[in-house]
Each structure stands twice: as structure tokens, then as C-alpha cells.
Amino acid sequence: MTTLLDVLSWVLLTLGGISVLIGGIGALRMPDLYTRMHAASVTDSMGAILVLGGIMLQAGWSLATIKLIAILLFLLLTSPTSSNALASAALLAGTRPIAERKQDREETP
Amino acid sequence: MIVMFGIFLLTLLVITAIAIVRTSNLFVGVMLMGIASLLIAANFFILDAADVALTEAAVGAGISTVLFLSALALTSAQERSKSSNRLLSFTVVAVAALVLIYATFDKPRFGDPLAPVQTHVAPWYLENTPTYIDIPNVVTAVLGSFRGYDTLGEVFVVFTAGIGVLFLLGSGTASSSLPRETNNEGLRHYLIPRVVGRFLIPFILLFGLYVQFHGEYGPGGGFQAGAIVTAAIILYALIEGERRALAALPQRWLLGLMAAGPLIYGAVGIAGIVMGGNFLDYSPLASDPVGGQHLGILLIEIGVGITVTGVLLSIFHAFAARGR
Amino acid sequence: MYYVVTLATLVTMGLALIRAVRGPSVYDRVLAMNMFGTKTVLLLSIIAFLYGRPDFLDLALAYALINFIGVLAVLEFFRVRSLRRFAEIGEEAKTE
């Protein structure tokens, strides 16, 4: 049983690490603000769920698990809000998405 | 392995510091300072200093960034070109840095178990805390009871900083008329942050109270709790607007909180004298000395918490009211 | 087991820092700061477990909170600045 829990948490942690890394590379290499935001949100949601889920399996039923659930809920509630607020602020300030810009200029990408 | 992580974080800190110095856009500097503060806090955490890490994150990455941005909103965003003598200042800084580096040659090596602090100071505190004070968090025991005088000084320093800022900027009651009142409503037009923020503020306040009273058993205490409660009320001010935040927690109350903190601290000290001990001696405050220590630490942490809350909120309102 | 995830999170923090330094517009930098904060939360949770001290999870919760409030403060800053700029443009248009 504990081996099963260990294997499961190892799988979750590794997948979480890979998601975080993919999101980070995406935030660096994507061409536009909005696409970068889209990549960074992968780390905040998928990465957080997998990593914290993996740690929760290791913790068992204890106070630490309740705190981890609180952290996870807080992250899931606030990081989409931050992304939304940031995107709407950027849109109101006039930053245009890259697809619209290319359409306006009618040049080959 | 943990040391490698610490070194990696410090390298990132050096890169951030170089980037802060080389940029001329002040807004970028403020953002990078927030990141540098988070890096230092993570480093403190890796070195197993949890209370310091919590305080650094709450005050440095959170409140300082907000205050810098409030100040930056009143001025321009580009740095002025330097007109002073750069060679002289470079020489002074280089000489000071070299002297400091030379002084570190005399220090014991990092983590040396034979260093004087590990053989004399730390074991004394670790052995005597269970007998005298009997709380699990030795940091709070040292801060609250063994070195309570220093913490009294810290509370007065925070109080002085608060009244200094209020002298310079005014007390934040927006006496000038608000020209565009409908637009000063904060982030009211952003519906999602408003809903989520209003949902979260009670939980953040509850978490602040938890950190305040849990400081004897885990990382926490008055300074951190004051910063977290301030963060909750700043969130309310950001979402609902400055006027409503001042209506919720008026300026008189903030001044009262600022003054009540050192008052409580000094009163606990004098109560020690009145009950028959020395100044800031908590043992005579209750029926047995250990219970007296618990009561004393509880009361002074409350004093510290409300001072920090009052000061940080007064400074925030002083900045925010000037821009209207 | 935890070392792999810690390494991945640290590398992502480095990448976020590069984005903060390089990003052409200010919103890229705000995005990098937000990402940095949430990665710090994950890093702290993992290292708290690595040290075997579940008490330190309070710090991760506090960091998540501070990060959220920092981003909203930045947005308020932008809103105030753009309001002022629009007001200046409006006054210039009136005086013309």
C-alpha cells in the first residue's frame, strides 16, 4: 500500500515538475504577451495541482494535508483572477494580440 | 544538495540586483525588487529561518512593493540622468565593499559547530527555554522574553517611522475635493477580482489572526501578523476604492492603533515592576512564573501586531490620498 | 524524489527572471513577477516537506496571498496612471 502511494506520488510529482518546466519555457519563448500568459497559467493550475497532490499523498491524513488543501484552493482561486485582471488591464491599455496585429498589417508572418 | 539550491537562488539574486541597477525605468526596478525580496525570503527559508522568511516575504515582497508603486504613481516612471560625480561614489562604495570582505575573513566558517555562537549562545537559549518559558518556538521566546528590551526598541522604531511619514505626507484624510469621484472607485469595474477579493478578505484576516496567536508554536508572531492584516485591508482598498477603505477603518482608529501598541508594551513592562519584579519581567504577572511568561509574551505580541498594522496602513493611506 | 521537482521549479524561476529582465512591455514583467510568486509557493511547499517540517506550510500560504495582492496593486497603479494620462489628453484637447 505504501509502495503504491509512493509510486503514485512520484508519478504525480514528476508530471508536475514537467508541467512547471513546460510552462516556464513557454513563457520565455512565446511571441506575444497573451500567449505567454496562456503558457504561464499552465504552471499555476496544472503544475500546482500535480505537485501539491503528490505531496499530499506523502503526508497522509494529518494537519499538513489540510494546510496543503488550503494552499491549493487559494492558488486555484487567485491565480486565474490575477491572469484575468492582468489580461484585461493590458487590453484596456491598448496591447493588441499578435493575431490581430498581423491581420491589421496584412504581412506574411 | 540543499546548499546547491541556496547557491542557485543567490546567483539569481545577483542577476536580479545587476538588472535593477542597470535599468533606468523605475517601474521595472520596483518589480525586480519584489522578485529579489522573494528570492532572499526563499533563501532564508532554505537556511531554516522560518520567522525571518515570513516577515521578509510579507513586508518586503508585499507591502513594500505596494508602497513603492503608490509613490511611483505620483512621480514619473523614468529615472533622471545622473549629474553627480560618479567616480567618487564608485571609489567610496568599492572601498567600503573591500573593507567588509576583509572583515569576513575573521568570521568562522559557515555552519561551523565550534563557532562561539554555537557553543555559548545557542545552547543556552535552547536549554533554558523549556525551563523558563516552555513554548516550542525558541525564536519567539528569545524575541519576546529573553531579549524583550530589543523588541521594545523595535516597536518604538516602527512607531517613529509611522509618525515620521505622517509628518512628511499628511495624515491621509483627503481634505482636497475629489475631482472625479466616480472614477476613484478602485477596481470596481473589474468584476472578477472584486468578487474573488471580497470572498477572500475574511479568510485572510482569519489567517492573520492565526499567525498572530500561533507565533508561540510555529513561525509567526506580531510583525508577520500585522503585515498580513495590512495586506487584507490594502486588498479591500484596492478593490473598493480609497474612500470606502477610509470609511471602513477611519484614520482616527489607525492613529489609535499606532499609539496603543507601544503603550501596551510599556504597560506590560511597568506591570512587571508593579507586581514586584523588574521592568519587562513577566514572571510575576500570573500565579506561576511560566504562566506569567506566556501571558506577557501574548500581550506584547498583540502590541507589536497592532503597531505594525496601524503604521503600515497609515503610510499606505498617506500615499494613496495624495494622488487624488 | 523531491529533488527533481525542486530542480524543475528552480529552473522555471530562472526562466521567469529572464522574462522579467527581457520582457519588452511592463505587462510581461508583471506576468513574470506573478509566475515567480507562485513558483516560490510550490518551492516552499516542497522544501517544507523535504525538511520534514509541516509547520512551515504557513509561509507558503502567506506567500500566495502576498503575490495576489502585489499583482492587484500593480493593476491599480496602471489604472491610476492611465486615468491621469486620459485626463491630460482631455485637457489638452480642451485647450486647443
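FYI, it's all coordinate maths here, none of it is from the lab. As the structure is a computational prediction, the values presented were derived from the model and not from experiment. Cβ coordinates were reconstructed from backbone atoms using ideal geometry, including for glycine residues, and neighbour counts include every protein chain displayed.
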Just to confirm the filter: which trypsin sites (Lys or Arg not before Pro) across the stretch B:33-138 are DSSP coil and have at most 14 other Cβ within 10 angstrom of their Cβ? B:80, B:82, B:109
Residue range of chain B that is longest and free of chymotrypsin sites (Phe, Trp or Tyr not before Pro) which are both DSSP loop and sparsely packed (at most 14 other C-beta within 10 Å): B:1-109
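Could you tell me how many cubic angstrom of Cα convex hull volume chain B has per residue?
Looking at chain B, the number lands at 183 Å³ per residue.
Can you give the relative contact order of the stretch A:2-107 as a percent, counting alpha carbon pairs under 8 Å and 6+ residues apart? Before the final figure, lay out each step's value.
Details: 85 pairs, mean separation 31.1, N = 106.
Across the stretch A:2-107, relative contact order equals 29 percent.
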May I ask you to derive the relative contact order of chain B, considering only C-alpha pairs under 8 Å and at least 6 residues apart, and to give it as an integer percent? 20 percent
Taking the 0 to 90 degree range and rounding to the nearest ten, how far is the long axis of helix A:33-42 tilted relative to the main principal axis of chain A, both from C-alpha atoms? 10 degrees
Please average, across the residues of A:56-68, the number of beta carbons from any other chain that are within 10 Å of each residue's own beta carbon, and give a whole number. 3
In what order do B:112, B:106 fall by count of nearby beta-carbon atoms within 10 Å, going from fewest to most? B:106, B:112
Zone of residue B:149's modelled label, taken as backbone nitrogen in the stretch B:299-313 under 20 Å from a point 7 Å along Cα→Cβ: B:300-301, B:304
Distance in nm between label sites at residue A:98 and residue B:217, each 7 Å beyond Cα in the beta-carbon direction? 5.2 nm
Run the numbers for residue B:18 and residue B:105: contour at 0.36 nm per residue of separation, minus the present Cα-Cα distance, in nm. 28.8 nm
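Could you tell me the calculated FRET efficiency between residue A:3 and residue B:25, based on Cβ-Cβ distance and R0 = 56 angstrom, to the nearest 0.05?
Details: r = 54 Å, r/R0 = 0.96.
So the FRET efficiency works out to roughly 0.55.
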Inter-probe distance in nm under a simple model that places probes 7 Å from Cα toward Cβ, at residue B:92 and residue B:157: 2.2 nm
Sites residue B:71 and residue A:62 - FRET efficiency at Förster radius 51 Å, r taken between beta-carbons, to 0.05: 0.70
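Given Cβ point charges of +1 (Lys, Arg) and -1 (Asp, Glu) and nothing else, what value in debye, to the nearest 20, does the dipole of the stretch B:189-263 about its Cα centre take?
Numbers: 5 positive and 3 negative charges, 55 e Å.
In debye, rounded to 20, the stretch B:189-263 gives about 260.
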Magnitude of the Cβ-charge dipole of the stretch C:2-95, K/R +1 and D/E -1, about the Cα centre, nearest 20 debye? 220 debye
With N residues in the stretch C:2-95, what two-decimal value do you get for its Cα radius of gyration over 2.2 N^0.38 Å? 1.51
Overall Cα dimensions of the protein assembly as shown, principal axis frame, Å, largest first: 83, 65, 54
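In nm², what is the average projected area of the convex hull enclosing the Cα atoms of the stretch B:216-324?
Details: hull surface 31.2 nm².
Taking a quarter of the hull surface, the average projection is 7.8 nm².
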Among the helices of chain B (complete DSSP H runs), which have Cα atoms covering no less than 20 Å along the helix axis and a Kyte-Doolittle mean of at least 0.5? B:2-22, B:26-46, B:86-103, B:148-169, B:191-213, B:222-240, B:251-274, B:289-322
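According to the square roots a ≥ b ≥ c of the eigenvalues of the Cα gyration tensor, what is the shape class of the stretch A:2-107, taking rounded for a/c under 1.5, prolate for a/b larger than b/c otherwise, and oblate for the remainder? Numbers along the way, then the final one.
On the way: a/c = 5.76, a/b = 2.20, b/c = 2.61.
The shape class here is oblate.
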